[in-house]
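First the structure, in the form of structure tokens, and then the observations on it.
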Amino acid sequence: MSSNKKKTVRSPYPFPTKFPSPIEQASYKTYNWIENTLWPIKPIPFVATTVALAATLHYKYPENAILDLLPKFGSEVAEIAKTTAVAAIGSYAGVFTLRKLLKHFYFSYKGFLFDNPKKPCLKTKIWGIVRHILSISPPILESCDRLLPSLPVPALKDTISEYLDSMKHILSEQEYEIVAKQAHEFLENEGKKLQRYTWIYSLFTDNYVTSFWQKYAYLHGRYPLMINSSVAHCDLLRDKEATRAHRAARVTWIEVMSHLAIDRQQYKALGDGLVCTRHYKNMYAVTREPGKKIDQLILHGIQKHIVVVLRGKYYKIHVVDDKNNIYTVEQLTKIFHEMISRDEKEEGVIGKIAALTHDTRDSWHRNRQKYFLGNVKNAQILKEIECAVFFFTLDENDDYGYDEKKPEVLSNFLANCLSGDGTNRWVDKSLNYICSKNARCGGTTEHSIADGAEFDHIMENFVYVDLEVLKYKSIEEQEKMAVIEENDKKSLKLATPLNFEVPDQEMLSEITRCYDAHQIAKNDLDLYALAFRDFGKGRIKKCGVSPDAFIQMAIQLANYRDQGKFVLTYEPASARFFANSRTETLRTVNDHSCEFVEAMLNANETKEAKIALLKKACETHVLRNKKCMVGQGVDRHLFVLYILSQGTGIQSPFLDNYINQKWKLSTSHVPNVTNQCDEDTDSDNTWLGACFGAVAADGYGICYRFGGNHGIFANITSYHSAANTDSTKFAKLLSESFHELSNLFV
């Protein structure tokens, strides 16, 4: 007799029904601050210990060396307060000592990454025991943030050696000799001074890279953000049936809950608190405000509305009623349905006003000052947009999705998510969500706010809540749900139109110019969404190699066949074991990766030799990744040295050469960070992943993820204007490479 076990469904965060008042916000922020200051000790045990110690000192040992050092008070209340203060300081001294020990011994230990998991050393065993004990009192989102170690500055000699090793197969012999000579002179001359400056700077900050990286790699860039910087994603292979109004309502409700959960620090800290969580606060209600020379991120705190664009018209949608009750999915469905049913459309150029945000950042800064901040009505609308939880596009396309027999459908879906149409993204917003006419969803994320770990965490929570926690009703029930009854009119605040004012013809001309410029960039984008369904992560693991390394070697093989040479390849590696950290660059090309590719191209090489070389290449890739994870990467160190050389006026031919190298292959793996989504029981419940524009004008951008054990989804971008690239061709070569590598083990 078979037993059907009911699946346990637990939401990744609570679902409050009321929006917190200012007093409630202050209360939970204060409590969270206390909890984060005391962790791993909880506030209640700390208070109980303090009270017990104070009572003991006051009643049992009123005369002792510590209290005798302090002045005597005539008031009993004052004496109790004095004793309590001494007890609190004594209690916290123990907590402070414990936290320092954890920071310098537990959080700083990285040996477990390099140990044999089957035969760990004694230190790793002790570390594991401590981790198990700490899991009894799990941290909230930011509990461990101040316990993470500072990012170390690598030895300059090691960085230069690793850099030269990674360039051997990229440059010609003559080019390599020049770079090697520059590197040697750098080590002997200006490098020593710049390394000293870097080390001194690292003493005064918890991360010597992040502030420079965010400022100069992102906020200082003057290029348009869409395609060049922003990252896009789309939903599942096959979504549940839904009306557009209901799907938009679900997206809004789930993301509002996520927004509040992050503010309350109710997101589960990844890695039991071992990784940095500082950038989660940048996800919602954040705007990248354009500046003349540099942009800035403006955080607006938790908000009660979103802004929607539909057929060129802008609307403000409240997510709470007048009593701060958060609207349910059903209520939001009614609000969206009513708004869509108005059948309003903004004709003419003014309907393309969002094109202004697609411009170069300095030009957008000038237009924002002139046409928005300089106009009272437009300034108010701009404020509503910039402080909204997110910007939501109700797209009029009705053909987004996945069709196994028509791969162009998915490619079109991803391309539209990445580029928009030039009128329906407010590019400055941290998050833009999209819902098409056929209820397929996607989004665009402004990249300066955070990286893949945060994006993936939010997306996986969204998918889990959408599929497992909130059950879909039938289309008929959704349509009934959308009807506004008489009693709804009292509680629902319907969508409020936001009508921009056009002061003069010049503004219309600027909108047209920006729109036309974006059309050129949009049409130049060459995107192919490869949905490889023959096998996934499970089969690769059976080959005895790292799945990510397997994909990277397949990419190297495909690219060599496409380009006839090895090229500089970028893959982001996590540096999140350190405070205020983001990413490091994992340089894929090395001796072993190249030896493997050359062997695969050699018809006379044996299968056994190819397998051995693949395993060695994958082992090297994994080792390099681990070195990046412990702060021994190359690129962020050299990047900071370059920035400091510019700031101090120190000339360095080596660093100038380094900074001008092109990443012809920019790759990124979208990992599964929560393991809560089951993608194998029903393969349709698989997230199709993300995409980004190629970094080099004549290169490729490849963003991939594993669809459980049944698929690999690789979204490939390049530009039609480049004579040497073709995303469709590369996708075919990559698919063939997957099979070639897998067939080695058959």
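The values are calculated or read from the model by the stated rules, or taken from the named source; none is laboratory data. Keep in mind that this is a model prediction, so the values were computed, not measured. With ideal geometry, Cβ positions are generated from the backbone for all residues, glycine too; neighbour counts draw on all protein chains shown.
Look at (1) in the same structural domain as Thr360 (by TED's automatic domain parsing); (2) over 24 Å from Glu344 (Cβ atoms) and you find that Ile511 fails only one, number (2). Please find, within segment 548-575, the residue that is farthest from Thr725 (Cα to Cα) out of those that are assigned to a loop (DSSP other than H, G, I, E, B) and in contact (Cβ under 8 Å) with a residue 40 or more places away in the chain. Going through the qualifying residues, I end up with Ala575. For segment 301-319, a tally of residues being of a type in the set (A, V, I, L, M, F, W, C) and surrounded by fewer than 17 Cβ atoms within 10 Å (Cβ to Cβ) returns 1.
Tallying residues that are assigned to a loop (DSSP other than H, G, I, E, B) and in contact with a Pro (Cβ under 9 Å, 6 or more places away or on another chain) within segment 347-368 yields 2.
A single entry from Leu237, Leu219 fulfils the requirement of being closer than 30 Å to Val567 by Cα, of a type outside the set (S, T, N, Q) and in contact with a strand residue (DSSP E or B) (Cβ under 8 Å, 6 or more places away or on another chain): Leu219.
Of the residues contained in segment 589-604, one or more are found to be within 21 Å of Glu736 (Cβ to Cβ), hydroxyl-bearing (Ser, Thr, Tyr) and buried (at least 20 other Cβ atoms within 10 Å of the Cβ). Picking from Leu134, Leu156, Leu147, Leu151, which residue would you name as being among the hydrophobic types (A, V, I, L, M, F, W, C) and more than 29 Å from Glu454 (Cβ to Cβ)? From the options Leu134, Leu156, Leu147, Leu151, the qualifying one is Leu156.
Being outside any loop (DSSP other than H, G, I, E, B), without any contact (Cβ under 8 Å) to a residue 12 or more places away in the chain and touching a strand residue (DSSP E or B) at 6+ places or on another chain (Cβ under 9 Å) is a condition met by no residue of segment 656-677. The residues of segment 369-382 that are in contact (Cβ under 8 Å) with a residue 12 or more places away in the chain and either touching a Phe, Trp or Tyr at 6+ places or on another chain (Cβ under 7 Å) or buried (at least 22 other Cβ atoms within 10 Å of the Cβ) (or both), listed by number, are Tyr371, Asn378, Ile381, Leu382.
Residue count for segment 593-652 under the criterion of being assigned to a loop (DSSP other than H, G, I, E, B), closer than 14 Å to Val153 by Cα and touching an Asp or Glu at 6+ places or on another chain (Cβ under 9 Å): the result is 4.
A single entry from Glu338, Glu347 fulfils the requirement of being under 30 Å from Lys522 (Cα atoms) and either free of Cβ contacts under 8 Å to residues at least 12 places away in the same chain or among the charged types (D, E, K, R) (or both): Glu347. Restricting attention to segment 531-547 and to residues that are in contact with a Pro (Cβ under 8 Å, 6 or more places away or on another chain) and touching a residue at least 12 places away in the same chain (Cβ under 8 Å), the residue that is surrounded by the most Cβ atoms within 10 Å (Cβ to Cβ) turns out to be Ile540.
Among the residues of segment 576-583, is there at least one that is in contact with a strand residue (DSSP E or B) (Cβ under 7 Å, 6 or more places away or on another chain) and surrounded by 16 or more Cβ atoms within 10 Å (Cβ to Cβ)? Looking through segment 576-583, at least one residue is in contact with a strand residue (DSSP E or B) (Cβ under 7 Å, 6 or more places away or on another chain) and surrounded by 16 or more Cβ atoms within 10 Å (Cβ to Cβ). Of all residues in segment 277-300, which are free of Cβ contacts under 8 Å to residues at least 24 places away in the same chain and either more than 18 Å from the chain's Cα centre (by Cα) or crowded, with 19+ Cβ neighbours inside 10 Å (or both)? Residue satisfying the conditions is Lys281 alone. Given the condition at pLDDT 90 or above, hydroxyl-bearing (Ser, Thr, Tyr) and in contact with a helix residue (DSSP H, G or I) (Cβ under 6 Å, 6 or more places away or on another chain), answer yes or no: does some residue in segment 90-104 qualify? Scanning segment 90-104, I find at least one residue that is at pLDDT 90 or above, hydroxyl-bearing (Ser, Thr, Tyr) and in contact with a helix residue (DSSP H, G or I) (Cβ under 6 Å, 6 or more places away or on another chain), so the answer is yes. Only a single criterion out of (1) under 18 Å from the mean Cα position of the chain (by Cα); (2) in a helix (DSSP H, G or I); (3) among the small types (Gly, Ala, Ser); (4) closer than 30 Å to Thr393 by Cβ is not satisfied by Ala249, namely (1).
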